[in-house]
Each structure stands twice: as C-alpha cells, then as structure tokens.
1. Would you call Ser182 more than 17 Å from the chain's Cα centre (by Cα) and surrounded by fewer than 16 Cβ atoms within 10 Å (Cβ to Cβ)?
2. With a cut-off of at least 1 residues that are among the small types (Gly, Ala, Ser) and surrounded by 14 or more Cβ atoms within 10 Å (Cβ to Cβ), name the helices (runs of 4 or more DSSP H) lying wholly within the stretch 83-147.
3. Going through Ala57, Ala79 one at a time, which residue ends up being closer than 21 Å to Ala220 by Cα, assigned to a helix (DSSP H, G or I) and either under 20 Å from the mean Cα position of the chain (by Cα) or at pLDDT below 95 (or both)?
4. Just checking, which of Leu129, Leu137 is aliphatic (A, V, I, L, M) and in contact (Cβ under 8 Å) with a residue 24 or more places away in the chain?
5. What are the pairs with Cβ atoms under 6 angstrom where one residue, in the stretch 91-120, is touching a residue at least 12 places away in the same chain (Cβ under 8 Å) and the other, located anywhere, is outside any loop (DSSP other than H, G, I, E, B) and hydroxyl-bearing (Ser, Thr, Tyr)? Sequence gap at least six, or different chains.
6. When the residues of the stretch 26-54 are narrowed to those that are among the β-branched types (Val, Ile, Thr) and under 14 Å from the mean Cα position of the chain (by Cα), which ends up modelled with the lowest pLDDT?
7. Could you go through the stretch 29-50 and let me know if any residue there is touching a Leu at 6+ places or on another chain (Cβ under 9 Å), free of Cβ contacts under 8 Å to residues at least 40 places away in the same chain and either within 24 Å of Leu199 (Cα to Cα) or crowded, with 16+ Cβ neighbours inside 10 Å (or both).
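The values are calculated or read from the model by the stated rules, or taken from the named source; none is laboratory data. Since this is a predicted model, take the numbers as computed values, not measurements. Cβ coordinates were reconstructed from backbone atoms using ideal geometry, including for glycine residues, and neighbour counts include every protein chain displayed.
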Amino acid sequence: MISELLSVEHIDKHFYQSHGLFRRTKNAVLRDVSLAIGAGESIGLVGESGSGKTTLARCIMGIMQPDFGTINFDGVDIALLEGRRRQQMRRQLAMVYQNPYRSLNPHFTLFDLLAEPIQAHENLSRTDLTKRITALLDQVGLSLNLISRKVGALSGGQAQRIAIARALALDPKLIILDEPTSALDVSVQAQILNLLKSLQSEAGCSYLFITHNLDVVRHACNRVLVMLEGQIVEHGDTRQVLLSPQHEYTKRLIAATPQLVVGQV
C-alpha cells in the first residue's frame with residue numbers, strides 16, 4: 001500500500017480585483033480542491049491556462065496561503081510550521097518551472113546555481129560542495145566542463161536539466177513540475193521525461209506534473225486530475241481517464257490533442 005505524502009483538503013483561494021476607489025470584486029481561483037499524492041507517485045494536473053493549476057502549486061509550496069482548507073505534507077499541516085521547522089519542510093519540496101532561462105539567475109554560473117540551495121541549508125566545505133555538485137551534474141547527464149558557464153550559454157534541454165538538478169539538490173520528497181517540457185522540442189521533451197523517470201526510480205521521490213499536455217501525462221503519470229475554473233472535475237488512473245473520460249471538458253481536451261494515440265495509452 002502506498003503511504004500518503006501530500007494531502008490537500010478543500011482548498012479555496014480568492015483574489016480581489018479593484019474597480020476604482022471603493023469597489024472590489026472577489027474572484028475564486030481555487031474552489032474546494034482536494035487531492036492526495038503517495039510516496040513515489042507521479043500525478044498529472046491538467047487544465048487550460050487560468051484554471052488554477054499554478055496557484056495550487058504555489059499554495060502547496062507555501063508561497064501563497066489558501067483562504068480555506070488544509071495542506072498536510074508528510075503528516076504535518078504546512079500552515080502551522082514556523083521558523084526552523086518550516087525551513088526543514090521547505091527542503092523536502094522543490095519546484096521546476098517552465099522556462100529555466102527565466103527561473104534561474106542569469107548572472108550565476110552553474111556551480112553557483114547548484115550551490116545556492118545547498119548552502120542555504122548545509123554548511124559544507126568547498127571540497128564537499130564540489131563533490132555534491134559534480135554528483136548532481138552526473139545525475140542529470142551533464143558534463144562537469146559546463147560548471148563555469150551561465151544558463152544563457154546552454155541549450156534549452158541543458159538548461160532544464162540544470163533546473164532539475166537544482167530541484168534535486170536537497171533530496172526532496174516531492175517535486176512539482178510546472179510545464180517542464182512545453183518550451184522544448186519533441187525530441188528533447190522525451191529526453192527530459194525519460195530522465196525524470198530514471199531519477200524517480202533512483203531517489204523514490206514523488207512528482208506533481210502541472211501541464212496542459214496530455215501526452216506528457218500519458219508518458220509520465222500514474223494518475224491524472226483535470227482542473228477547470230478552479231475545481232477538480234475528473235480524476236483517476238491515467239489510462240482509465242484517457243480511454244474513457246467522463247466529464248465533457250476532459251473529452252474536449254482529448255479531442256484537441258491529435259498526437260495522443262488513445263489506443264497506445
């Protein structure tokens with residue numbers, strides 16, 4: 001039986017929009033969202049832009065606070081953590097963004113990019129830090145010869161591998177991947193997805209893939225959740241949902257994905 005790592009229960013999140021000096025409207029971005037991720041699982045969260053996927057990810061990461069509901073990670077309510085306990089929890093969660101050229105500091109060398117999260121949590125000698133970074137580069141299939149380069153000098157696939165290496169730096173239990181392959185061409189997408197599968201088999205971490213690409217979900221995820229206007233409208237085993245969708249929105253998503261060969265799901 002898979003042990004539960006993350007439990008999100010009945011999350012609501014609203015944003016307020018100003019209309020002049022005295023009027024504001026409340027817009028619901030997340031509405032009664034619940035999900036669970038087990039240890040070692042890969043879950044896909046699918047929906048169009050503006051459906052609330054990234055806001056949910058930010059709530060899980062602790063970047064935003066939900067207005068209602070609870071987020072329990074490894075049995076602990078994230079909202080209740082403060083100080084040292086919050087810092088310890090933060091090293092168990094990591095996020096990989098869509099565009100590494102925007103999410104990674106362009107002024108840092110690759111050594112500095114990988115060293116930064118480690119040094120924030122651990123006091124290592126330069127020798128031990130170099131060994132750790134060398135091992136990270138090896139994990140993601142990059143040469144040590146790149147260590148003094150900056151991210152702008154890398155190809156898209158290399159840059160995303162560095163983003164993944166940075167996420168792996170503290171051996172997290174859960175990695176959230178926000179459209180991690182959408183900026184890459186198809187062949188590089190496949191390389192990155194295969195790399196993530198390999199890393200998961202080695203480290204045993206869990207993945208939450210946030211994407212609009214059902215082909216990514218088909219290749220990488222055990223289960224899938226479909227989000228529409230801030231709500232989970234369908235969820236289940238990936239194969240079952242893609243072969244026999246129940247919600248009309250899911251049916252439209254599948255129909256709009258011509259490269260998805262349903263018979264090969």
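1. When the stated conditions are applied, Ser182 does not pass them.
2. 100-103, 110-121
3. Of the residues listed, the single one that is closer than 21 Å to Ala220 by Cα, assigned to a helix (DSSP H, G or I) and either under 20 Å from the mean Cα position of the chain (by Cα) or at pLDDT below 95 (or both) is Ala57.
4. Of Leu129, Leu137, the one residue that is aliphatic (A, V, I, L, M) and in contact (Cβ under 8 Å) with a residue 24 or more places away in the chain is Leu137.
5. Close Cβ pairs satisfying both conditions: Tyr97/Ser103.
6. Thr54
7. Yes, there is a match, as at least one residue in the stretch 29-50 is touching a Leu at 6+ places or on another chain (Cβ under 9 Å), free of Cβ contacts under 8 Å to residues at least 40 places away in the same chain and either within 24 Å of Leu199 (Cα to Cα) or crowded, with 16+ Cβ neighbours inside 10 Å (or both).
Here's the yes/no breakdown for (1) of a type in the set (S, T, N, Q); (2) under 27 Å from Val8 (Cβ atoms):
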| site | (1), (2) |
| --- | --- |
| Leu136 | no, no |
| Leu174 | no, yes |
| Ser198 | yes, no |
| Glu229 | no, yes |
